Amino acid sequence: MKIAMMAVLFVASIAQAHVPLENFQTKPILADLKDLRALNIPVMSKDEYAQVGYAVVTPESQQRLQEYTHANGKCGGFEDLSQEKAISVQGFAGMIASLSQHLKKDALYERAPFRAMDVGQNKALASAIDEIKVENMQATVAWLSSYGTRFNRASNPNVHVNDLKKKLEDMLASSSIPHEVTLIDHQSTNQKSVRVRLTGSEKPNEIVVLGAHLDSINMSWSGGDKAPGADDNASGSSNLIEALRIASTKAQPKRTVDFFWYAGEESGLLGSAEIAKQYKAQKADVVGVLQLDMTLFPGSGELVIGSMTDFTSSWLRDYLKSMNDVYIHAQVVDSECGYGCSDHASWYRQGYPTLMPFEAKMDDMNPNIHTARDLVTTDSNFNHSVAYTKIALIFAMDLANSTARQPY
Ligand code: BES
Ligand code: ZN
């Protein structure tokens, strides 16, 4: 009797102390292994080499992780995997293992005594670069920042998307390069991505991808939902529009060039994750992926370009240095996000080579992103941003006309 009584009390006390498990809204995530360990969050699968761990977080542990990573200078600090279809520990373990494989190959290549990527002088490209107009980029950033928000969960998340599609169609109307402008529907968000494809003349199955996220977000505690996103990421979007304007008046590239303006990046790389997966499923031969996200704030100096080293390929980081020597003459400095901070991570995860040139070193980035203050200000520098339009043009006119490939 006494024992039965104790058992009842014991069970009752558990029931009181713990919210029933099924009431937790858990979320599968990938995060930095160090962060998970520091916070004692149970790690379900991990890779020590990639320093990545898979965990299932509760709202409470998610909040702690967010605060911890914020305090350590990371924006989001982890990746939400809720949208993944095949949620299983094994599935995620496989994902992490393949990520680790790419990292190891990249690290090996970096130690190789040779470099495979050289950019030569090319008159057509040099004169295309001379055609970049800062005024066009200024006008595009002003236009995109004038929407109240470009948030993917806004009540009307496609107003600016449709407007961009129309603008691109008009811009390309006189181009002699075979092309198409497409809106891409997504499962994970109502917002659409935009793609412009310039079809390759000789090797249309080899694809060079250039991307920027078009959405914006307001994450400030003070509330409000204005998200002009001038730097993050009207700037990268404008680099691509200007590069496309010029490339579309030149000779048809040998390889196909796909320009993307992605949906829902700020909510977890939503658009790019679906697109990269689809390309992989179709066995698309993507030779290189450029991601432009934040190019307007010269935090480390007007002539300094940050080159993110995580979720990017050493082969393309070399290419950046080489093109900089020939056409840009800035200083390229390595930096890292510490997590999959933008859409290049979606492609890297599918095994494609990626590059992410960034406005500054991570520590010197624009402090006003994700707020109503992300506007064009006296700190914005369009001459700085021009360097990223050049990089886009070099992808569209050099890489897309070459036979170069990642050598591993
Ligand atoms: N532009 C940022 C990414 C960024 C921030 C790059 C700082 C380099 C330095 C991007 O739009 C963003 O905010 N990404 C999210 C991650 C995503 C998985 C939700 C972030 O950093 O929180
Ligand atoms: Zn952002």
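Couple of notes before you dig in:
- All distinct Cα pairs of segment 237-297 go into the 1/r average, and the inverse of that average, the Kirkwood radius, is 13.5 Å.
- For segment 144-222, alpha-carbon Rg and Dmax in angstrom: 15.2, 54
- Measuring how big segment 268-408 is from its alpha-carbon positions, Rg and Dmax come out at 15.1, 46 Å.
- Computed on the Cα trace of segment 55-205, the radius of gyration divided by the Kirkwood hydrodynamic radius gives Rg/Rh = 1.04.
- Summarised as an ellipsoid, segment 209-339 has semi-axes of 24, 21, 16 Å, derived from the eigenvalues of the Cα gyration tensor scaled by 5 and square-rooted, with the largest first.
- Cα convex hull volume per residue for segment 191-278 (Å³): 85 Å³
- Each of the peptides 243-250, 336-343, 38-45 was scored by the mean count of other Cβ atoms within 10 Å over its residues; in descending order, highest first, they stand as 336-343, 243-250, 38-45.
- Among the chymotrypsin sites (Phe, Trp or Tyr not before Pro) in segment 89-155, those located in a DSSP loop and surrounded by at most 16 other Cβ atoms within 10 Å of their own Cβ are 114.
- Helices assigned as whole DSSP H runs in the chain whose Cα atoms extend at least 15 Å along their own long axis and whose mean Kyte-Doolittle hydropathy is 0.5 or higher are found at 2-17, 236-247, 382-397.
- For residue 52, residues with placed amide H under 5 Å, excluding near neighbours: 33, 47
- Radius of gyration, Dmax [the chain; alpha carbons; angstrom]: 22.5, 94
- Helix-only CD estimate at 222 nm, as mean residue ellipticity for the chain, using -39500 (n - 2.57) per DSSP H run (n ≥ 4): -11000 deg cm²/dmol
- Solvent-accessible surface (1.4 angstrom probe) belonging to residue 70, in square angstrom, nearest 10: 90 Å²
The values are calculated or read from the model by the stated rules, or taken from the named source; none is laboratory data. Values in this document were obtained by computation on a predicted structure and should not be read as measured data. Backbone-built Cβ (ideal geometry, glycine too); neighbour counts: all protein chains shown. Heads up: the accessible areas ignore ligands, DNA and RNA and are worked out on the full protein's heavy atoms, side chains in. Shrake-Rupley method; radii C 1.70, N 1.55, O 1.52, S 1.80 Å.
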